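As structure tokens, the structure follows; a few thoughts come after it.
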Amino acid sequence: MTAQVTVIDHPFVQHKLTLMRQFDTSTAKFRQLMKEVGMLLAYEVTRDLPLKYEPIKTPIAPMNAPMLASEKKMVVVSIMRAGQGLLDGILELMPSARVGHIGLYRDPSTYVAIEYYLKLPHDVEHRDILVVDPMLATGNSAIAAVDRIKELGPVSIKFLCLLAAPEGMKHFHEHHPDVPIYTAAVDEKLDEHGYIVPGLGDAGDRLYGTK
Ligand code: URA
């Protein structure tokens, strides 16, 4: 199976990402940009949603018009805490999507992802899942989140991030070659602390003003 990576290179996404990368972008601005970019990325990720045709009446004439076909709403699973920033924008586009949360923290010495929270809709086995985390760095959190969701047998899974490191994408696809990655950019590398270079720093700290 060829692992799929889609780089969403829309000019608005790239422009907003550049603003987010800049070290002097304020917390308020960073949070706003993350939300805007979340909505734009979701627009691209949902391009293949099936449509059905329903008879409607316009003020002029009847017609068969396209509407979203999915009976079961998509579930967006946010990897806490930085995933929340993207999630807020995604929900602007898909206000009735179902939402799950998975809490993972990185062990600071091993970078292994440790789960501390999980809450998902009860019927994940009938649903398409979009897992979101702005930074695909080592890949450990994304792998752990998808491992956990796969145990519940969903219809499909996609992974959406803002920035990916080549190492993280490779690692992720070694574990989950069937899960496509969507990202706004693939950066150069990881540094010795597991940060993406050039990256944008710690996405959670920049979103919430912690440091
Ligand atoms: N998580 C972040 O928030 N930033 C990185 O560069 C890597 C992981």
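Within segment 100-137, no residue satisfies the criterion of being in contact with a Cys (Cβ under 8 Å, 6 or more places away or on another chain) and hydroxyl-bearing (Ser, Thr, Tyr). Kindly evaluate residue 116 against the criterion of being farther than 30 Å from residue 12 by Cα and outside any helix (DSSP H, G or I). Here the answer is yes, as residue 116 does meet what is asked. Does residue 174 qualify as being within 12 Å of the ligand (Cβ to nearest atom), surrounded by fewer than 21 Cβ atoms within 10 Å (Cβ to Cβ) and acidic (Asp, Glu)? No. Would you check if residue 131 is more than 16 Å from the ligand (Cβ to nearest atom) and aliphatic (A, V, I, L, M)? No: the conditions fail for residue 131. Only a single item in (1) within 16 Å of the ligand (Cβ to nearest atom); (2) crowded, with 17+ Cβ neighbours inside 10 Å; (3) modelled with pLDDT under 95 is not met by residue 192, and it is number (2).
Please tell me if residue 67 is surrounded by fewer than 21 Cβ atoms within 10 Å (Cβ to Cβ), touching a residue at least 60 places away in the same chain (Cβ under 8 Å) and of a type outside the set (D, E, K, R). Spelling it out, it is not the case that residue 67 is surrounded by fewer than 21 Cβ atoms within 10 Å (Cβ to Cβ), touching a residue at least 60 places away in the same chain (Cβ under 8 Å) and of a type outside the set (D, E, K, R). The set of residues in segment 150-176 that are of a type in the set (A, V, I, L, M) and either touching a Ser or Thr at 6+ places or on another chain (Cβ under 6 Å) or closer than 28 Å to residue 13 by Cα (or both) comprises 157, 160, 162, 163, 164, 165, 169. Within segment 145-165, the set of residues being within 14 Å of the ligand (Cβ to nearest atom) and either in a strand (DSSP E or B) or surrounded by fewer than 21 Cβ atoms within 10 Å (Cβ to Cβ) (or both) comprises 163, 164. Would you confirm, using the coordinates I've provided, whether residue 78 is surrounded by 10 or more Cβ atoms within 10 Å (Cβ to Cβ), of a type in the set (Ser, Thr, Tyr), in contact (Cβ under 8 Å) with a residue 24 or more places away in the chain and touching a His at 6+ places or on another chain (Cβ under 7 Å)? Criteria met by residue 78.
The values are calculated or read from the model by the stated rules, or taken from the named source; none is laboratory data. Please read these numbers as outputs of a predicted model, since none were measured by experiment. Quick reminder, even Gly has a Cβ in these numbers, built from the backbone with ideal geometry, and neighbours come from all protein chains shown.
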